[in-house]
Amino acid sequence: MLKLIESRIIIRFTPTRFHGILDYVVGLFFIAYRWLFGFSDVAWVTWTIVLAGVAAPL
């Protein structure tokens, strides 16, 4: 029960606007991740990360 209360408190300290911006930044990072770390030649890794990047802001 205490853990649930602590997680709600942490959520209150993250403003909605900041969280929304962070979603887009993480999404763009996921999409660029495949080239930054050299995974662009592995097809399933490429599309998994791109789909995660597209889904991050949702």
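Assorted remarks:
- Across segment 41-49, coupling constants 3J(HN,Hα) worked out from phi with the 6.51/-1.76/1.60 Karplus curve, θ = phi - 60°, read 8, 9, 4, 5, 5, 4, 6, 5, 5 Hz, and Gly and Pro carry x.
- The HN-Hα couplings worked out from phi for segment 52-58 by the Karplus form 6.51 cos²θ - 1.76 cosθ + 1.60 (θ = phi - 60°) are 5, x, 6, 7, 4, x, 6 Hz, whole numbers, x standing for Gly and Pro.
Throughout, read-outs are computed from the coordinates displayed, never taken from laboratory work. These figures come from a predicted structure and were not determined experimentally.
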